[in-house]
Each structure stands twice: as C-alpha cells, then as structure tokens.
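Peer 1: Mind looking over this structure? Questions follow.
The values are calculated or read from the model by the stated rules, or taken from the named source; none is laboratory data. These numbers were taken from a predicted model, which means no experiment stands behind them. Methodologically, a virtual Cβ is constructed for each residue, glycine included, from the backbone with ideal geometry; neighbour enumeration extends over all protein chains shown. In case anyone asks, the SASA skips ligands and DNA or RNA and just uses the protein heavy atoms, side chains included. Shrake-Rupley method; radii C 1.70, N 1.55, O 1.52, S 1.80 Å.
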Amino acid sequence: MRILLYNPDNGVTRNFMPHLWMFLLQALTPPGHEVLLIDGNARAMTDGELVSFVREQKIGLVGIGAMTRMIAKAYRVADAIRAAGVPVVMGGPHVTEVPDEALGRDGGPCHTDAVALGEADETWPLIVADAARGELKQIYRPQLDKHGLDQKPSLQAYPLIRWESLDLNQFSLIPKLFRPFMSKLGSGWGTFHVVPIETGRGCPYGCEFCTVTGFFGDSIRFRTNESVVDELLRLKARARRERGQIAVFFIDDNLAINIKRTKSLLRDIIAAGAQVPWVAQISANLLRDEELIDLIAESGGKWIFIGMESIDPTNMADVNKNFSKPGEYGAVLKRLDQRNIYAITSFIFGMDNDTVGVADRTLKEIQSWPPGLPVFGQLTPFPATPLYDRLEKAGRLARPKHWLDFAPFVMAHDPLKMTIAEARAETKHAWTCSYSPHQNARAVEWLSEKPLQYRISHLVARLFFRGIYFPQIGWQAWAKVITQNRHTILTLAKDSLITAWKVRKSSRKIKDGKRALSLTASSPDCLDRSSAGHEVDNQNNHGYHEQQVDKAPAHI
Ligand code: B12
Ligand code: SF4
C-alpha cells in the first residue's frame, strides 16, 4: 500500500522546519508499504492538487496530523480526500483532545475514517495493517496501564530515521535558483536543512495553558545518548556529502529538564565530534548552571528558546509558571551572551493581569538585555488544557471553538483587564517595534565586538523571525524588507569585504613569511626568523576567525 502523510500549513506563516511525526511514522511503518511525505509549509498545494496527487500516486491511506491552529484546514483537506474515496486517519494533539469533533460524534460533520489518540508510535503499525486489509477502526489508542492511563512508549529503542538517505528536497531553505552558486560558498551552502530531533518526551511542570503535560505525561522518557549521537553523526555526514548545512532543533519541551542527563548527552556529543549548530527549548530556571551553559556552547548550541511568557510575576503565578522568574531573565541572557549563545524569548499577552501598555513595559525590559529574537503571542485556550476548563467554567470564552474560525492574533476569550482589540494592538505594537529597521540595526550594533558571523546570523534570523507576524512570503515582501534594512545590510557587507581583504592580505603575508623562512633557514639571523614566526602565529589566529566568516553564518 502507498501511504501519504500530510501536515497542513497554517495559511499565515511558513514553518522553517518539517514535522518530526511524519519521519517517525515513516520509520515505524511495517515493511511492504511505501510512505510519501508532504508538508504544506514546504510544498504548498491546493485541496484539488492534493486530491489529484493522491489519485495519480495511487495512495491507499492518507494520514493527516495537525495542531489546533491548522485543524480547520486539516478537516477541509480530509473531506476532499475522503470524497475521492481514499480513507483518512488523523492524529496529533488536537484530535486527541477533541476526537468527537473529527469523527463527527459531536453533532458536526465527520472528517475522518479513524483517529489515532495520543502517542501513535505503537498504534501506527496496527493502523497500517488494518487499512491494508480494508478494516480500519474508528479509534486507535495506546494500551492502558494499571492505573487506566495511556501506556507511554519507551524511547529507549528509538526507530531509525534514515536522515542520511531521506528525500529532504522540499525542506531545504535555500531557494532552488541559488543552490548551484551557494554550494560553492565556504564548506557549502547548496542545501540548508533545519532538522527536528527529540531526545526525550514529557514535562512535569503543567503550565495552565499548555497541552504537553496532558498529552505526553508528567514523567519524562529519554532516548539513549548513543542513538541521539548516531543521528547527529549521520546528519553531519549528509551535510558534508551534499556540500550543504544542517542545523538541529531539539524539540524536547525542556531539553535540560534533567540537568545531569543533559550534561551527559552534551558531553557525549562533544566526545563523538557530533556537533552541529543547534536550537532547543530550555526554561529560564534551568539556565543558572554555568557548566551546563559551557557544554551547550561547546556542543554547538546557538539559540535557546525560552518561554518567558510575561515580565509580571502575578501573571506567571496565574498560569502556574512561577518556577520561571522574570527577575532573573536578564542575568540568564547575559550568561548565554558571554558564550555567544542567544535567545528566542517568547512572550504571551492578554494574561489576566495585563493592562494596556504591557507591550511598552515588556519592550523596555527587553531592551535592557542582550539582543535576542523576541516573539509575542496571545493567551490561547487550547482544548483540554486547565486554562480552557477555567475560562469555560467562568463563561469567558468568546469563541469556544476558535480553531474552526481561526483568526490570527485575535484572542478567543476576554482578558480581565483589557479588551480583545487592545490585546491585539499591544501584540502588533510589540512586533512592530521589535523588528523595526532601527531595532535590527541596534541589535547588530550591540554585537559590534563579536565576530562578524554572529552579527550576520543575528540579522538574518531577525529578518526571518519578523515573518512570523508580518506576511513575508514571496520575492516582493523580501525585496521590501531588504530595502528597509539596507543600511545595516550594507554595513555588514562592508565589514565582510574588509575582513575578506584582511584575510587575503594576511594569507599573502603568511606565504611571504614562509618563503622568507625557507630563504633564511640557513642564515644566522634567528631574531628575524622568530619575529616572522610570531607574525605568522598572529595571522593564523586572525585567519581562523576569517575562515568562519567565509563560511557565512553557521547559525539559524
Ligand atoms: C517543534 C514544535 C513547534 C515548531 C513547529 C512544528 C515543527 N515543524 O516541528 C515551532 C517552533 C515552529 C512551533 C510553533 C508553534 N507551536 Co509548537 N510545538 C512543537 C513541539 C515542541 C514539538 C512537536 C513535535 O515534533 N513533537 C514530537 C512528536 C513526536 O510528537 P507529535 O507531533 O505529537 O506526534 C506524535 C503523536 O501526536 C502522533 N501524531 C501526530 N500527528 C499524527 C498524524 C497521524 C496520521 C497519526 C496516526 C499520528 C500522529 O504520533 C506522533 C508519535 O507518537 C510541540 C510540543 C510537543 N512536545 O509535541 C509544540 C506544540 C505542538 N506547539 C504548539 C503550539 C501552540 C505552537 C504555536 C501555535 C505557538 C505560537 N503561539 O505561536 C506555533 C504554531 C506554529 C504554526 N505553524 O502555526 C502546541 C500545540 C497545541 C495544540 N493543541 O495545537 C504544542 C503541543 C505545545 C504546547 N505548548 O502545547 N511548534
Ligand atoms: S509550557 Fe513548557 S514548561 Fe510549561 S508545561 Fe508546557 S512544556 Fe512544560
């Protein structure tokens, strides 16, 4: 049987990274079946195009996974595929939380033949076998443990995702047109993939707005260090072979949830030479440990995503996240900055203690920290979260099924001390100020003492992150943003040229020095020779930085 796994895009922004669930289920598919992957973020297709694809490729089963935010689109696509006579199974957080909606058992239309509830690692092979026999059941759920709870798959025997040979073409972030030219740059930029890797699942913290503790459970399961290191080594080898670049997003909800284990993993990565540039989510309270941060830097860590949520401790207590202390955010970021690690700082507006002006108050605080990539969202009641239940009981849900008429940046409930419209305006203000050409220039200027590669990568990351809020898909949007930021871009271009010129000059000096050394090898003038040698050393030091610059930014 041929199986298509499909993840819809959200229609607003484009993910920079494919979804892990597809690769995982592909790896867990029993032999004898072929699995094709389409991520709507990378390969945008209309419903009609998808249906034609399914027909042409003779697909026998379509698996669709979606977060709440994309579920309306997922239902629409599922309806179209089922209308063409091909069975659909849906999985992921949203259908796990409200399975009756997908199955049409809440009075609404039925969108799917089957749902896979919770973690599907163990149910997927059964689903495939049943579908191949034409005996798909409506609901697949993990076996229950003795407490009547879902048995969570152990990650000790983790499936082998064949990163080294998978077709990742649709996921490269380098536009096709530039690939031949880019592959000749430095160590090669012909492809650039950001690859999701999990090293563990589960989070015990139970923040009120989050679905993770409910979905994955509060006990944490880890993969072995060996399997993670092996995955990194295979990715690294692929990048080298393709003359491309690979960066990894460790998608664990909190990579440092068990600091001892995290340190052991990072040490093993370093010992195996498996470093690639990586990003991970770590909560601020776990970033106090200097040794951990040293290891993060040495193992390739470049950006840390920190769910800061609010600078107001009352808000943090309201959402059960007061283990994260706004008072220490600045110190955490400085600690990271000392190792050239930067943070994606995530904030939520519309919390119960937020009032008009929350954006400016937050921006003021952010400006006192080393530069990072701030992102701003709004408090959203996802189904089956404690937040959803609390707001529902209090009659505060303005749009109880907000996902069915998804409206970006429009809250689904009334915040206590401001209106929905005010929360939206605050969010817009925060994004506008954070990614203005002036702020971008300021961030790059702040880093003026750092090697050029950090300044370049910071600016590139800023231009991309801006696109999470401001539509930035297509050439025109990019041309506009490049024009707006031309001063900063030109400054960096000028610095790059100067640096390149210095490298050339110093390498010429090294060559001359070597020639002089060989000419004077038999001469008694040792003094001259040692000073030439000294100069060579200096140049080498300098040359090392330049070599990295030459490679273009190694960060995402
Ligand atoms: C990585 C990640 C992202 C990435 C993007 C996703 C990507 N490309 O991987 C980034 C950082 C961009 C991101 C952004 C957002 N994210 Co996010 N993200 C995650 C994270 C941390 C990991 C996802 C993952 O790969 N998990 C590991 C895999 C193995 O688990 P899984 O996807 O659930 O898949 C398993 C099962 O669900 C099932 N399954 C899944 N799909 C399917 C399909 C079929 C057919 C079957 C049979 C089974 C199946 O099988 C898998 C194996 O067991 C999760 C939290 C988490 N731990 O899952 C949040 C999470 C998915 N994100 C969430 C949210 C809310 C967001 C944002 C809306 C945040 C925001 N305010 O902007 C944005 C929206 C992005 C968008 N495109 O619109 C929520 C979703 C909640 C919900 N009910 O929808 C989660 C659960 C976190 C949370 N705090 O609750 N996210
Ligand atoms: S927000 Fe982060 S720390 Fe809180 S429960 Fe979710 S995953 Fe855990």
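Peer 1: What's the Cα-based Rg to Rh of the range 40-93, Rh via Kirkwood?
Peer 2: Dividing the radius of gyration by the Kirkwood radius yields 0.94.
Peer 1: On the accessible surface of the chain, probed at 1.4 Å, how many percent belong to carbon and sulfur atoms?
Peer 2: Ligands and nucleic acids excluded, carbon and sulfur reach 56 percent.
Peer 1: Relative to the longest principal axis of the chain, what angle (0 to 90°, nearest 10) does the C-alpha long axis of helix 47-56 take?
Peer 2: Rounded to the nearest ten degrees, it is 90.
Peer 1: On average, how much accessible surface per residue is there in the range 465-505, in Å², for a 1.4 Å probe, leaving out ligands, DNA and RNA?
Peer 2: 70 Å²
Peer 1: Arrange the residues K73, K417 by how much accessible surface each exposes, largest first, with a 1.4 angstrom probe.
Peer 2: K417, K73
Peer 1: Let me ask something else about it. Which part of the range 4-45 falls in the paramagnetic zone of A129, meaning amide N under 12 Å from the point 7 Å along Cα-to-beta-carbon?
Peer 2: 30-31
Peer 1: Find which of V410, W446, L117 sits farthest along the positive direction of the dipole of the chain, computed with +1 on the beta-carbon of Lys and Arg, -1 on that of Asp and Glu, about the Cα centre.
Peer 2: Selected residue: W446.
Peer 1: Equivalent-ellipsoid semi-axes (√(5λ), Cα gyration tensor) for the range 358-510, whole Å, largest first?
Peer 2: Its equivalent ellipsoid spans semi-axes of 42, 16, 13 Å.
Peer 1: Starting from the Cα-Cα distance between R240 and V460, subtract it from 0.36 nm times their residue separation and give me the gain in nm to one decimal.
Peer 2: Computed gain between R240 and V460 is 76.9 nm.
Peer 1: Among the DSSP beta bridges whose two residues both lie in the chain, what percent are antiparallel, rounded to the nearest 5?
Peer 2: 10 percent
Peer 1: Going down the table (K334/K364; K450/K509; K302/K480; K236/K260; K152/K260), which pairs top 18 Å between alpha carbons?
Peer 2: Going by Cα-Cα distance, K450/K509; K302/K480; K236/K260; K152/K260 fall outside the 18 Å limit.
Peer 1: Report, to the nearest 10°, how far helix 475-484 tilts away from the longest principal axis of the Cα atoms in the chain, using its own Cα long axis and a range of 0 to 90°.
Peer 2: Rounded to the nearest ten degrees, it is 50.
Peer 1: To continue, here is another question. How much accessible area per residue does the range 29-70 have, counting only protein heavy atoms and a probe of 1.4 Å, in square angstrom?
Peer 2: On a per-residue basis, 44 Å².
Peer 1: Work out the charge dipole of the chain with +1 on the Cβ of Lys and Arg and -1 on the Cβ of Asp and Glu about the Cα centre, then indicate which of F209, L363, M70 is farthest towards its positive end.
Peer 2: L363
Peer 1: Antiparallel DSSP bridges in the range 25-162: what percent, to the nearest 5?
Peer 2: Taking every DSSP beta bridge within the range 25-162, about 10 percent pair in antiparallel fashion.
Peer 1: On a full-extension model of 0.36 nm per residue, what is the gain between K417 and A157, subtracting their alpha-carbon distance, rounded to one decimal in nm?
Peer 2: 88.7 nm
Peer 1: Then there is this: Treating only the Cβ of Lys, Arg, Asp and Glu as charged (+1, +1, -1, -1), what charge dipole size does the range 332-388 show about its Cα centre? Round to the nearest 20 debye.
Peer 2: With Lys and Arg at +1 and Asp and Glu at -1, about 300 debye.
Peer 1: So the label point goes 7 Å from the Cα of N169 along Cα→C-beta, right? Which residues of the range 57-101 then have their backbone N under 17 Å from it?
Peer 2: Under 17 Å, as judged by backbone N against the label point of N169, lie 57 of the range 57-101.
Peer 1: Given the whole protein assembly as supplied and a 1.4 Å probe, what does the accessible area of C207 come to in Å², nearest 10?
Peer 2: 20 Å²
Peer 1: At 1.4 Å probe radius, can you tell me the per residue accessible area of the range 330-373 in Å²?
Peer 2: Here the residues of the range 330-373 average 33 Å² of exposed surface.
Peer 1: Quick check for you: which residues of the range 84-109 have the amide N under 20 Å from the point 7 Å beyond the Cα of D47 toward its beta carbon?
Peer 2: 84-91, 95, 101-109
Peer 1: What shape does the range 1-87 take by its C-alpha gyration tensor, where a ≥ b ≥ c are the square roots of the eigenvalues and a/c under 1.5 counts as rounded, a/b above b/c as prolate, and the rest as oblate?
Peer 2: It is oblate, given that a/c is not under 1.5 and a/b is not larger than b/c.
Peer 1: Is the shape of the range 82-132 rounded, prolate or oblate, going by the alpha carbon gyration tensor and its root eigenvalues a ≥ b ≥ c, with a/c under 1.5 for rounded and a/b larger than b/c for prolate?
Peer 2: Note, shape of the range 82-132 comes out oblate.
Peer 1: Using +1 at the Cβ of each Lys and Arg and -1 at the Cβ of each Asp and Glu in the chain, identify which of A280, T385, W501 lies farthest towards the dipole's positive end.
Peer 2: Of the listed residues, the answer is W501.
Peer 1: Quick one: dipole size for the chain, taken about the Cα centre, charges +1 on Lys/Arg Cβ and -1 on Asp/Glu Cβ, in debye to the nearest 20.
Peer 2: That gives the chain a dipole magnitude of about 1960 debye.
Peer 1: What FRET efficiency comes out for E449 versus T355 if R0 is 35 angstrom and r is the Cβ-Cβ distance? Round to the nearest 0.05.
Peer 2: Step by step, r from the Cβ atoms, then E = 0.40.
Peer 1: Near K401, which aspartates and glutamates are there with a Cα under 15 Å away, not counting those fewer than 8 places off in the same chain?
Peer 2: Those aspartates and glutamates meeting the cut-off are E97, D100, E101, D106, D389, E392, D414.
Peer 1: Here is a follow-up. Keeping all protein chains in the complex and leaving out DNA, RNA and ligands, what accessible area do you get for F16 with a 1.4 Å probe, in Å² to the nearest 10?
Peer 2: Accessible area of F16: about 90 Å².
Peer 1: Scattering from the C-alpha atoms of the chain alone, worked out with Debye: what is log10 I(q)/I(0) at q = 0.06, 0.09, 0.11 1/Å?
Peer 2: Result of the Debye calculation: -0.34, -0.74, -1.10.
Peer 1: Placing +1 at every Lys and Arg Cβ and -1 at every Asp and Glu Cβ, with all other atoms neutral, what dipole size does the range 191-345 have around its Cα centre, in debye to the nearest 20?
Peer 2: Computed charge dipole of the range 191-345: roughly 640 debye.
Peer 1: Moving on to the next point. Just to be sure I understand the model, the point goes 7 Å from the Cα along the line to the Cβ. What's the resulting C110 to W478 distance in nm?
Peer 2: 4.5 nm
Peer 1: Using amide H atoms built 1.01 Å from N in the peptide plane, name the residues 5+ places from M308, or on other chains, whose amide H lies under 5 Å from its own.
Peer 2: Answer set, sorted by chain and number: S346.
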